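Have a look at the structure below, then the notes.
The values are calculated or read from the model by the stated rules, or taken from the named source; none is laboratory data. Since we're looking at a predicted model, the values are computed, not measured. Here the Cβ positions follow ideal geometry from the backbone for every residue, glycine too, while neighbour counts run over all protein chains shown. Heads up: the accessible areas ignore ligands, DNA and RNA and are worked out on the full protein's heavy atoms, side chains in. Shrake-Rupley method; radii C 1.70, N 1.55, O 1.52, S 1.80 Å.
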Amino acid sequence: MKKILISSVISFFLFSILFFAGCKSENRNITEPNTDPVKTVNATGQITGRIINSLTNTPIAGVVVSISYNNQNSKAVTDDFGHFTFNGVPVTTFVNESGRAVNSGIYPVTLSLVDLNKKQADSTKRYRDYYYQNINVLFTQGDTLMVTNMVASIDMMLSYCNTTINGFVVDKNNAPAANAVVYLYDESISRALISQTTTDANGAYTFNKVDNGISIYIKAVSADGSMSASLPTNYALDPRITLYNLRPGVSSERLELHTADNIAPFVVSISPEYNSDVQSTSDFKIVYNFSEPVKQNQYTVTGMPKGLSTMIDDIIFTFDGLKKVQGDVGLGLSWNQSFTSLTITPSTVLTTGRYTIDLRTVLSKLKDNSNNYFVDNTNIKGDLSESQKFTISQNLQTTVVPQIFTSSVLDHTGGNVYIQWSSYSDPNVSSFNVYKSTDNQPFQLIANRITTLGYSDAVTTLLYPSLANPLRAISVKYKVTAISKDLIEGTSSNVLEMKDTDQPGTLMDTLSIVSATTDPLGDTTLYKVMLQFDEPMDPALVSDVAQYSMQSVPGYTFTKVSAVYAGYNGSGYAVQLTFNTNLKLTYVTTYKITCSTVKDLAGNLIKATRNVFKCRGYY
């Protein structure tokens, strides 16, 4: 018979209870806290308390109580009623109680029952020699200044150390585990270790003088440290029973050593791999392989329909293709014999399509046999950090070669290009890819999975490097490819090149005179006039004075001196033309300059309807 031996522990229950001065100590209702907390570091209060036997509910006299604060200890001894009192205890903190600030403090407390136990002849009525605990108390209002005489009260309940716990530690073959170390914890004090012992040659252990009526936890480790076991849950000792022979046949009382395992399991591999292209088969399967066996429970049961709180409820299997699948895709689940591999078999998949399977919720719930949860394997994709994606393929191809065209027209600032391509009859075509090249750079994919026969693209400029500083005109090129249902790309279409085809023109037909300098020795005047175009112009042409025709006026001469291209001036693209003439330009004089052979940067000839500048003088 398998027995587990557990040592008894005295429960040390600290109930932090607030009282107004004058209230009975039995009153465990927290009084209304002071709404105006002390604002001085010199605030002090009084802590009163009572120590009681938890089984008999009688006071315990003669207990030495020590409380620590400000690097010093104060001591008090409980009277015949179990009472003790500490005066002048500093208030260290404030807490929020129901929206109000309340004076409080956390203090280390030690109880010594050494002398009391020595005087007790009955060994079944002795306590632990020492108890240690941090207590958290709330203070009520004291004097009118609320700086001193604040009061806090605590009750402490102790129990006799008169319980004995016997048990056995065995291995997985039910053989005794000798020299195993067994640990006993008191769960009423946040799993405090209170005793440890070692099993004998028969795997037996005993804990004597365990606190009566406490909640315990037991753990055993093999002599070489390679195996361990523990109670699956905390075990509450009945205060009316002082001898426990824990039954090895009951799982809640069993200590059966297993390989010590604190290594979290993980997914080793997934088939098919993330984003892989899988050839279509009639028995397509998805397989998850794990680093160690998965613990089996109700959740991991396979062969169950949805709605019974098993894995099948949390697996998400979706089709990401271009067409929808009618109905729900059923899934079959199965484990291998060692529970290290899970196979998922979809009941219906298209011979061609892209799929996503999401096991993140399932993996977050699975554990190994040591109750370690799964962790993410950063070396693979498709486990805990993201869903798994793959494509099923029949290697379908397409012979469609699109022919693309457009009716769009661009100027130097760009514009919208709507590309269209010819219709097709190939049933293997699923979509189209659109590629773009700017300024003769390599083609880049700008759109994929286009299911229509057209695509719109915005071109921001056809000048390099910018509208304000144009050095040359550029073009954009497009091409389109058909994509089969197995995502195999077909032959590229013809290349469609888009340029600036808009003809330039004068920005204003009336030019402005920049300056006029009259020769003091003669009758000629040197004029500098500004001509403005609406587009960047070819610098070589607009800087050539031969490109400008001066209006013929009988009896007057004109001599062109220079033409300087100034580029962008904030409103247009300017040329400063300088010439000499003996014709005085006045407000009533209109003189024309024609430039019919200049071109823009893209090589477009100036418009015939907008190639004349009119000059009015200011003399």
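For the stretch 184-193, indicate whether the set of residues that are among the charged types (D, E, K, R), touching a residue at least 60 places away in the same chain (Cβ under 8 Å) and part of a loop (DSSP other than H, G, I, E, B) is non-empty. Looking for residues that are among the charged types (D, E, K, R), touching a residue at least 60 places away in the same chain (Cβ under 8 Å) and part of a loop (DSSP other than H, G, I, E, B), one finds none in the stretch 184-193, hence no.
Summed over the stretch 226-263, the residues that are open to solvent by 30 Å² or more (accessible area, probe 1.4 Å) and outside any strand (DSSP E or B) give a count of 19.
Number of residues in the stretch 549-599 that are assigned to a loop (DSSP other than H, G, I, E, B), touching a Cys at 6+ places or on another chain (Cβ under 9 Å) and within 27 Å of Asn469 (Cα to Cα): the value is 0.
Contact map, the stretch 55-72: residues that are at pLDDT 90 or above paired with residues that are aromatic (Phe, Trp, Tyr), Cβ distance under 6 Å, separation 6+ or inter-chain. Pairs shown: Pro59/Phe81; Val65/Phe84; Ile67/Phe86; Ile67/Tyr107. Selection of the stretch 202-221 for residues being open to solvent by 10 Å² or more (accessible area, probe 1.4 Å) and either closer than 27 Å to Ala175 by Cα or acidic (Asp, Glu) (or both) yields Asn202, Ala204, Thr206, Asn208, Tyr217, Lys219, Val221. Evaluating Thr198 against the criteria (1) within 24 Å of Thr85 (Cβ to Cβ); (2) open to solvent by 10 Å² or more (accessible area, probe 1.4 Å) leaves one unmet condition, (1). Val287 falls short on exactly one of the conditions (1) open to solvent by 30 Å² or more (accessible area, probe 1.4 Å); (2) among the hydrophobic types (A, V, I, L, M, F, W, C); (3) in a loop (DSSP other than H, G, I, E, B), and that condition is (3).
From Ser385, Ser423, Ser364, grab the single residue that is free of Cβ contacts under 8 Å to residues at least 40 places away in the same chain, open to solvent by 40 Å² or more (accessible area, probe 1.4 Å) and touching a strand residue (DSSP E or B) at 6+ places or on another chain (Cβ under 9 Å).
Numbers: Ser385 fails: touching a strand residue (DSSP E or B) at 6+ places or on another chain (Cβ under 9 Å); Ser423 fails: touching a strand residue (DSSP E or B) at 6+ places or on another chain (Cβ under 9 Å).
Sole residue among the options that is free of Cβ contacts under 8 Å to residues at least 40 places away in the same chain, open to solvent by 40 Å² or more (accessible area, probe 1.4 Å) and touching a strand residue (DSSP E or B) at 6+ places or on another chain (Cβ under 9 Å): Ser364.
Of all the residues in the stretch 518-541, those that are open to solvent by 10 Å² or more (accessible area, probe 1.4 Å) and either within 13 Å of Val575 (Cβ to Cβ) or not in a strand (DSSP E or B) (or both) number 14. Screening the candidates Thr302, Thr281 for the property of being modelled with pLDDT of 90 or more, over 29 Å from the mean Cα position of the chain (by Cα) and on the phi < 0 side of the Ramachandran plot yields one hit, Thr302. Condition test on Asn440, is it under 30 Å from Met537 (Cα atoms), surrounded by fewer than 19 Cβ atoms within 10 Å (Cβ to Cβ) and in contact (Cβ under 8 Å) with a residue 60 or more places away in the chain? The answer is no for Asn440.
The conditions of being under 29 Å from Val401 (Cβ atoms), modelled with pLDDT of 95 or more and either open to solvent by 80 Å² or more (accessible area, probe 1.4 Å) or touching a Leu at 6+ places or on another chain (Cβ under 7 Å) (or both) are met by Asn433.
Quick grid of which residues meet (1) under 48 Å from the mean Cα position of the chain (by Cα); (2) under 29 Å from Thr199 (Cα atoms); (3) modelled with pLDDT of 85 or more:
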{"position": "Asp129", "(1), (2), (3)": "no, yes, yes"}
{"position": "Val137", "(1), (2), (3)": "yes, no, no"}
{"position": "Thr140", "(1), (2), (3)": "yes, no, no"}
{"position": "Val147", "(1), (2), (3)": "no, no, no"}
{"position": "Ile154", "(1), (2), (3)": "yes, no, no"}
{"position": "Met157", "(1), (2), (3)": "yes, no, yes"}
{"position": "Tyr160", "(1), (2), (3)": "no, yes, yes"}
{"position": "Asn166", "(1), (2), (3)": "no, yes, yes"}
{"position": "Pro176", "(1), (2), (3)": "no, yes, yes"}
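Considering (1) open to solvent by less than 50 Å² (accessible area, probe 1.4 Å); (2) under 30 Å from Gly505 (Cα atoms), the lone condition that Ser407 does not fulfil carries the number (1).
From the list Arg449, Arg472, exactly one residue is open to solvent by 50 Å² or more (accessible area, probe 1.4 Å), part of a strand (DSSP E or B) and under 24 Å from Thr391 (Cβ atoms). Which is it?
Details: Arg472 fails: under 24 Å from Thr391 (Cβ atoms).
After applying the criteria, what remains is Arg449.
Collect the residues in the stretch 508-524 that are closer than 27 Å to Gly567 by Cβ, more than 60 Å from the chain's Cα centre (by Cα) and in contact (Cβ under 8 Å) with a residue 12 or more places away in the chain, keeping them in residue-number order. Even if it seems obvious, please write down each step before you answer.
Filtering the stretch 508-524 for residues closer than 27 Å to Gly567 by Cβ gives 508-517.
Filter once more, so that each one left must be more than 60 Å from the chain's Cα centre (by Cα): 509-517.
Of everything in the stretch 508-524, those that are closer than 27 Å to Gly567 by Cβ, more than 60 Å from the chain's Cα centre (by Cα) and in contact (Cβ under 8 Å) with a residue 12 or more places away in the chain turn out to be Asp509, Thr510, Leu511, Ser512, Ile513, Val514, Ser515, Ala516.
Taken over the stretch 39-75, the criterion of being open to solvent by less than 30 Å² (accessible area, probe 1.4 Å) and at positive phi is satisfied by no residue.
When the stretch 367-401 is examined, which residues are found to be part of a strand (DSSP E or B), among the basic types (Lys, Arg) and under 27 Å from Leu487 (Cα atoms)? Quick ask: steps written out before the conclusion?
Pass one, the stretch 367-401, residues part of a strand (DSSP E or B): 367-368, 373, 388-393.
This time we only want the ones that are among the basic types (Lys, Arg), so: 367, 389.
Lys389, the sole residue that qualifies.
For Thr78, are the conditions met, namely being at pLDDT 75 or above, among the β-branched types (Val, Ile, Thr) and open to solvent by 50 Å² or more (accessible area, probe 1.4 Å)? Before you say what the answer is, go through the steps one by one.
Details: at pLDDT 75 or above: yes; among the β-branched types (Val, Ile, Thr): yes; open to solvent by 50 Å² or more (accessible area, probe 1.4 Å): no.
Here the answer is no, as Thr78 does not meet what is asked.
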